[in-house]
Structure formats: C-alpha cells, structure tokens
1. Consider residue 226 carefully, then state whether it is under 33 Å from the mean Cα position of the chain (by Cα) and loosely packed, with under 12 Cβ neighbours inside 10 Å.
2. Quick check: is even one residue across segment 439-449 more than 40 Å from the chain's Cα centre (by Cα), surrounded by 18 or more Cβ atoms within 10 Å (Cβ to Cβ), at pLDDT 85 or above and not in a strand (DSSP E or B)?
3. Enumerate the strands (runs of 3 or more DSSP E) found wholly within segment 11-111, keeping only those where 2 or more residues are more than 22 Å from residue 389 (Cα to Cα).
4. Residue under question is residue 211, and the condition is that it be crowded, with 19+ Cβ neighbours inside 10 Å and free of Cβ contacts under 8 Å to residues at least 24 places away in the same chain; does it hold?
5. Give the residues of segment 390-400 that are in contact with a helix residue (DSSP H, G or I) (Cβ under 6 Å, 6 or more places away or on another chain) and under 17 Å from residue 431 (Cα atoms), sorted by residue number.
6. If a residue counts only when it is farther than 20 Å from residue 454 by Cα and touching a strand residue (DSSP E or B) at 6+ places or on another chain (Cβ under 6 Å), which helices (runs of 4 or more DSSP H) contained entirely in segment 336-436 have at least 3 such residues?
7. What's the number of the only condition in (1) free of Cβ contacts under 8 Å to residues at least 60 places away in the same chain; (2) more than 18 Å from residue 113 (Cβ to Cβ); (3) crowded, with 16+ Cβ neighbours inside 10 Å that residue 77 fails to meet?
8. Go over the candidates 281, 320, 305 one by one and state the one that is under 24 Å from the mean Cα position of the chain (by Cα) and at pLDDT 80 or above.
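The values are calculated or read from the model by the stated rules, or taken from the named source; none is laboratory data. Here the structure is a predicted model, which is why all the values come from computation and not from measurement. In this analysis, Cβ positions are derived from the backbone assuming ideal geometry, glycine residues included, and neighbour counts consider all displayed protein chains.
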C-alpha cells in the first residue's frame, strides 16, 4: 500500500485545469515540488508568500508590471504567476521568467478568478484530506477526483464531469472541447446553467436519476438553448440510500453495454472517493471550529489553540460573517436545510478567499456565524485592510447571497481576542438588524451609535420599560383617534426639522405636515424648540416599543 498522498504540482494543475481554465504562457511547468499555497497579489500590501506559492495576479495586464512582479516573486520562492489572458509575452516577460524561474500562466477568457480558486481548492483537497487518511481505492488516491474523471473518460471514450448533489462541478476530465457549449458553460460557471436545469427538471431527468442505480440517457437540449448540444448519459453516485452526486458523460453515440457497465462500476468508485472527501472535510471543519472557538473565548485553551492554528504572537482582526435569511427564498426551498447548506458553502468560500489573501487565516462556522482570524501587520491599519478584504469577498459573491460581515477591533494578543470577537458580534448585530445605512461590511467605528441604541433597547426591554410623558400621550392619542402624530414627530426629527423633507418622507403636503406638528405639540405638551425635549423624544422613539405593543 502506498501511503503517500499525491503532490499538487504546477504540472498537475495544468494537466487537470488546462484548456478550460489555464494556459502556459512562458516557462517550464515541470517544476518539481508541491505548490505551497495560492495567494492573491496585492500591489499595495504585498502578502507574505508560503514556499512554492502560486500567485494570482488579478488586474495585471502591463508587460512591465508583470516582468517586475516575476522578478520579485522569484526572490520569494514562488512557483508560478497567473494573469488574465490574452497577454503578449514580450522580451521583458520572457527574460523575467527565465531569470526568476517563475512560470507564467494565463487564465482563459471567460473563466473567473473565483472559479479558478474554487477548482484549485478541489485539487488541494486531496492533499489536505488524503494526508490524514489511508492509501487509495481503485488504484487512485482517495479524493483525487480529477484523476478519477480522466480515468472514467478513458474507459468511456467521452468527456466526463463529476457533480455534487447541487449540480456543482467537483471535477472534470480532459477532452471537454469535444463536448458542447452547455458543457463548457457548466465548467466555467462550475454549476449547471439555470436554463439547462429547467429543461432537465421539466423532463423529469433529476427525478429519474435519483430514484435508480441505472444510468439514465438524457436527450440533447433544444436548439434554442444549445444548437450543438450532445446527448448525455448520467448516473447517480450513492452511499447507501444517500445521493452524494452524479457522473455526466457527453456522448456522440449510444454507449455500448460494456461501457454502460463501466459507468455503473465507476459510480461505485466515485462514491467511495466522495464519501471519504465528505467525511474528511467534516472532521477538518469540526477540528478547526473547536480550535477557533477556543481561541476566541480567550480562556486557558486559547494559547494552545492559536499555536495549532499557527497564529501565536500574531496581531489579528476578528471577522464575523452572517448569511441573512431571505424568507422568500426559504419559502420556495421549503425547509431551513437550504439555509444551513448555504451558510456552510459561504463559510467554505470565505475560508478560500481569506486563505488566498492571507494564507495563515483561520475560518470556521460556529452556529449560524462564520468567524475568521485574519492576521495583519503591526501597523494600525489592520481593521481597514480586513474590511477591504471583506468587501472584496462580498463583491465577488454578487447578489446571489445576502451576507454581511462585522469587523472586530484589532487584537494584539490572546488577552484581546475575546474583546475583538465581542466587537465583531456587536457590528454584526447592527448589520443583521438593517440599521447600517445599507452597509454590508462595517467596523464598530462605523456603527457605534447604532450598536449602543440596540443595547439600550435590550436594557429597556429587560426592565419592561414603556414610553412615558409626552411620547406616551402621543401614542395614546394615535391609538384612540387613528392619527399619525408619532410618525409625524419621528419624520420631523429624522429630517432635523426640515418640513419639506419630512413631509415628503411620509407622503403628505407640507401644510398638512405643519398642522400635524402643531397638533402633536399641543396633544403631547412638547416644546419642539427645546433641544433637551427633542433629544428625549428621539431616545424614546429609538429604544422603546409603542405602548400599544
């Protein structure tokens, strides 16, 4: 038995992701050794590189900048630089590659940086999980899905994808150029396109796929979706009664019975690999969550937890991420299970993003919140850098997920970690409550007043406080006469006494608004010219519930 897990070398990356994602622009890709990590190049704050780093040069197009970066990366022991293709490799770049020994790769047009990093993480999963587990199955190391997809493609003489239960692409074989446009779109998007999924749902493909162990023949897509569409043969991948995913084969002619049997056997083999990956990932997540939780608590176990996370004596910022519940989406999904899966998916994506920016970051989902320890330098701009990184992550997510990130205070040691977590939680609560003026990422300095108001509201609620004095009289009048004096006062205070703006906010004529102001002053006994009276009114309206609740 071979207990060596496979190394993820630069050549391996090109073999598995080449054509669809990467192309060799310049240099020798047969560089020995394992890639030590994937890092995003930041020209303003260049990150520390692990040995044999693969650097993503997002936004780099100028030949001079590329040549200069290659020279610096060579001195730091990097193995490769990825830039967006097309790039003209001129003499400066060619000489820089030769002198530095850093290979230059191009990201294929149409492929996204997030898609690339996701695929790289899938490749590295073999190293992360296989290192702690046993040998191999079917002659291939556990979890090596790309090699497995290529092996199946060779048996079936057709391009193959391996997908999870949500129809996200986990791995794919070579020869995808022999497939059709919808297959290319699936790989580049790492997800079956919505239009294709809708056709499969309407045809009952998924229903048939998941209720049988037999391969399912899927007719070509309508020409309106893909004029060059090929038929598919798909088979579910199961572990007992649980569906782990599926294998999809793009075919130009029907598979022979011998190849159908090979596909059935392949499904059993893929099931063993996926089960191993799922189990290993779950163990790793639980271990990381335990360590991160112990570190954030700041108790006796914090020192040991930080030591195992590799973060001892390292200034860091605590980030807290939450996925906001979209009640409409939850209703359509039918259960809250989809929200739990979404939280884990976003947590994994967040870990991948932070790992690319700062390889020593530690991320874990604790309850319904994802926490991250984000190492920073000794300067005083750690919170700003962490906030910028969080903004970049949410921007890359786009509008698909409604998530927010609270940025805690800078912790310069173990004693400050619990305080840093508490500040991140305070910010996150404001963002969850929607009291942040549309911000999706914030520091405590950005929402300090809003956080204090929420905490005052908690204190008032715990004491059973209710509006008193002038505000109580207004609430009582509104309830008895079906009036809107409280809303009028709130709008006027929010607009700092600007009647035009306040009346527009509540959609009434300014003259009507002025009448209501005079009325509420009379009913409530309010002196609106007195600043203390205005402050007291604002405070009660902010932190106390109405007397009718």
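1. no
2. Within segment 439-449, the subset more than 40 Å from the chain's Cα centre (by Cα) is none.
For segment 439-449, residues more than 40 Å from the chain's Cα centre (by Cα), surrounded by 18 or more Cβ atoms within 10 Å (Cβ to Cβ), at pLDDT 85 or above and not in a strand (DSSP E or B): absent.
3. Ranges flagged: 22-26, 103-107.
4. No: the conditions fail for residue 211.
5. The one that is in contact with a helix residue (DSSP H, G or I) (Cβ under 6 Å, 6 or more places away or on another chain) and under 17 Å from residue 431 (Cα atoms): 393.
6. 337-357, 382-397
7. (3)
8. On inspection, the qualifying residue turns out to be 320.
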